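This report refers to the structure that appears directly beneath it.
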Amino acid sequence: MNLEKKLSILLVEDNELNQRLMKISLSRFNYKVTIASNGLEGVEIFSNQNFDLILMDIMMPVMDGFESTKIIRSMEAENSNLKHIPIIAFTANTINNDREKCIKGGMDDILEKPFDIIKFRKILSSLP
């Protein structure tokens, strides 16, 4: 993924402090950030707007990140006008097989909390 491009990012995160910190960090790189406070809201926003990337918390109220990702991937599969949007899991729970579980769940990569902009940009550079 082109790191110099002004990316439009959907941040699906229920914690308000994380939302603010990530938005500030991402805005420094001229990324446009739209925030959803839970997975259901994330799916609704995704269905009405175009994004280059989704940062998806895994554990959220209303709908978790795995269910949200599953719905987004089914929407992409059902609509030939939708391209594959990279989804990066954003979680504090990175034990054992979390990365494998995220990949099997339709996500493209995983980023550990607390948010690290250097690791994030490294993941971006590895995405097509």
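All of the numbers you see were taken from the coordinates with simple rules; none came from a lab. A quick note: this is a predicted structure, and the numbers were derived from the prediction, not measured. In this analysis, Cβ positions are derived from the backbone assuming ideal geometry, glycine residues included, and neighbour counts consider all displayed protein chains.
Below, the figures for the structure above:
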item: Given charges at beta-carbon only (K, R positive; D, E negative), |dipole| of the chain in Debye; result: 520 debye
item: Selection from Thr69, Phe115, Phe90 lying farthest towards where the dipole of segment 8-126 points positive, charges on Cβ; result: Phe115
item: The chain shape via C-alpha gyration tensor axes, a/c threshold 1.5; result: rounded
item: Span from the segment 37-76 Cα centroid across to the segment 95-124 one, whole angstrom; result: 16 Å
item: Inter-site label distance for Ser27 and Ser47 at 7 Å from Cα along Cβ, in nm; result: 3.0 nm
item: Cβ crowding within 10 Å averaged over residues, with 76-83, 114-121, 15-22 ranked highest first; result: 15-22, 114-121, 76-83
item: Estimated inter-spin distance, Ile117 and Val62, nm [label 7 Å along Cα→Cβ]; result: 2.8 nm
